């Protein structure tokens, strides 16, 4: 039987959400640009950005990669 990997959801605190927003602004990227790069809908990314939804670890890592962010706090 194949192993099933469940990607955990990550809760972003307000400071992390602001850091993501500022990094996007610094690079001149809009939600639609970032969403296309990481494979989610712009509306979904907007919900992650405001804390309405929680991204998976994989989505957060892709988001950080697009923005050039290399560190993430440990939970």
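The values are calculated or read from the model by the stated rules, or taken from the named source; none is laboratory data. All figures in this text were calculated on a predicted structure; none of them were measured in a lab. We place every Cβ from the backbone using ideal geometry, glycine too, and count neighbours over all the protein chains shown.
Condition test on residue 70, is it at pLDDT below 95, loosely packed, with under 11 Cβ neighbours inside 10 Å and within 11 Å of the chain's Cα centre (by Cα)? It is false that residue 70 is at pLDDT below 95, loosely packed, with under 11 Cβ neighbours inside 10 Å and within 11 Å of the chain's Cα centre (by Cα).
For beta carbons closer than 9 Å, sequence separation of 6+ or different chains, a first residue in the stretch 46-68 that is touching a residue at least 12 places away in the same chain (Cβ under 8 Å) and on the phi > 0 side of the Ramachandran plot and a second that is in a helix (DSSP H, G or I) and buried (at least 16 other Cβ atoms within 10 Å of the Cβ), the qualifying pairs are 68/23.
Scanning the stretch 23-43 for residues that are crowded, with 17+ Cβ neighbours inside 10 Å and free of Cβ contacts under 8 Å to residues at least 40 places away in the same chain gives 31, 34, 35, 38, 40. Looking at this structure, is residue 17 surrounded by 11 or more Cβ atoms within 10 Å (Cβ to Cβ), touching a helix residue (DSSP H, G or I) at 6+ places or on another chain (Cβ under 9 Å) and either at pLDDT below 95 or not in a helix (DSSP H, G or I) (or both)? It is true that residue 17 is surrounded by 11 or more Cβ atoms within 10 Å (Cβ to Cβ), touching a helix residue (DSSP H, G or I) at 6+ places or on another chain (Cβ under 9 Å) and either at pLDDT below 95 or not in a helix (DSSP H, G or I) (or both).
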